[in-house]
1. Taking the Cα-to-Cβ direction at ASN191 and at ALA55 and moving 7 Å from each Cα, how far apart do the two end points lie in nm?
2. For a test of the definition: using alpha carbon positions, the gyration tensor, and the 1.5 limit on a/c, classify the range 49-89 as rounded, prolate or oblate.
3. Of all accessible surface on the range 1-154 at a 1.4 Å probe, what whole percent is carbon and sulfur?
4. Just add up the charged neighbours of GLU261: K/R +1, D/E -1, any other residue whose Cβ is under 9 Å from the Cβ of GLU261.
5. Determine the distance separating the Cα centre of the range 323-382 from the Cα centre of the range 168-213; give it in Å without decimals.
6. Which peptide among 246-253, 80-87 comes first, and what is the full order, when sorted by highest mean count of other Cβ atoms within 10 Å?
7. Let me make sure I get this right: for the range 26-115, a, b and c are the square roots of the gyration tensor eigenvalues over alpha carbons, sorted descending. Under 1.5 in a/c it's rounded, otherwise prolate if a/b > b/c, else oblate. Which is it?
8. Give me the Debye-computed log₁₀ of I(q)/I(0) at q = 0.10, 0.18, 0.21, 0.23 Å⁻¹ for the range 307-418, equal point scatterers on Cα only, no solvent, two decimals.
Amino acid sequence: MANDSVVSVRELVARRKPGFSLEAPFYTSPEIFRTDMKEIFGRHWIYVGVEPDVAEEGDAMVVNIGPSSVIILRDDAGEVRAYHNVCRHRGARMIPEGKTIIGNIVCPYHSWTYDLDGNLKFAEHMAPDFDRGCHGLKPVHLRSVGGLLFICLAEEAPADIEDMAAIMEPYLAPHDIRNTRVAHQADLIENGNWKLVMENNRECYHCGPNHPELTVPLFAYGFGFAPESLDEEGRVEAERYEQLRHASCARWEAAGLPSAEVEHLADRVTGFRTERLPIDRSGESQTMDTRAACRLPLGTISDAASGGLSFWTQPNSWHHFMGDHIVTFSAIPIDEGHTLVRTKWLVNKDAVEGVDYDLAKLTDVWNATNQQDADLVAIAQEGAMDPAYQPGPYSPYTEGLVEKFITWYLSRVSQGAE
């Protein structure tokens, strides 16, 4: 079966027509899903959360990725660490998924006990020659990029995350992620393959007819358009956006706020893209009135109209950093037809709900947008399962980032299949 699966992926990759969506098995096949989990989520840097998820010594967070479960914790020295959530005795899961506070890691099965450095401290009834030093927790690669936590399950993690960090940390530093707190987290199970979730995220072709809340602060034309398709009103809107983008970027750069587009979505193992984009109207925040949702600004940002810094990573995340709050997203595959989309809203660590911000105003736009996207992904999955489905062409104007995601995915999955 394993060899058949590899051959199948190779054949499907080889006959994929550039600029067209993938064949149905990429979205529906359990065998290809298992290949994705091994070659994509088992070998690359996966975004899982933020340092404020484990703000204090002893804070822990468990994230499940396919068959793997990972404990992310802050140790007694204040360092963030990651371990496989597998007891070295007989393999029991030790901590359930979610957040908790721990002094030690105690396996509920036979009480084997590990400290926060992963060392085995207690294991009774073992033989006289039993060496605790050989049975510590297995570490997982972890890299904090400006406060965003990425893990890699492979024995040897892609080294080019250091290149991404060197580029991105100056962009992220003004927002000071480490001095924020998670004001709210929402988990949404989408009825679609993880690639459909990511494809939907990598284009705004669908934004106009589907996202009435998001298109208040966000310019749908900011992600491309076909000039000949615009009517007079659309042409005026596109010109207004371009003038605002040019003026805003010049002001931000002069104030030391990085804004230039950097894109490596398809040409690096650790693919990413960033760009600071204008927000419409007041220019402050992705809220229904485009005004800041939190009165306490983040980090060193003094310009309330600092727009939104967007940051996309392959294979599973996208983020928006504004002057008053941050929204981060991760896509975690569950099976070939279901994906967990986890959204976190971050505010200044000193902000108090009901005093400095209203939670409904903070979350309105993206709660609505996430559900709308989930509905779109569900109908896309249903279509991919229909015998009549065949790959269709992408728009060269509005779906260029989808093509780059697919190019990156095929490159990575085919290398692993060889």
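1. Roughly 3.7 nm, to one decimal.
2. Judged from the Cα gyration tensor, the range 49-89 comes out oblate (a/c at least 1.5, b/c at or above a/b).
3. Percent of accessible area from carbon and sulfur atoms in the range 1-154: 50.
4. Net local charge, GLU261 excluded: 0.
5. 7 Å
6. 80-87, 246-253
7. Since a/c reaches 1.5 but b/c is at least a/b, the shape of the range 26-115 is classed as oblate.
8. Relative scattering, expressed as log10 I(q)/I(0), comes to -0.43, -1.16, -1.41, -1.52.
The values are calculated or read from the model by the stated rules, or taken from the named source; none is laboratory data. Quantities reported herein were computed from a predicted structural model and do not represent experimental measurements. Using ideal geometry, Cβ is built from the backbone for each residue, glycine included, and neighbour counts are taken over all protein chains shown. Calculation scope for accessible area: heavy atoms of the full protein, side chains included, ligands and nucleic acids excluded. Shrake-Rupley method; radii C 1.70, N 1.55, O 1.52, S 1.80 Å.
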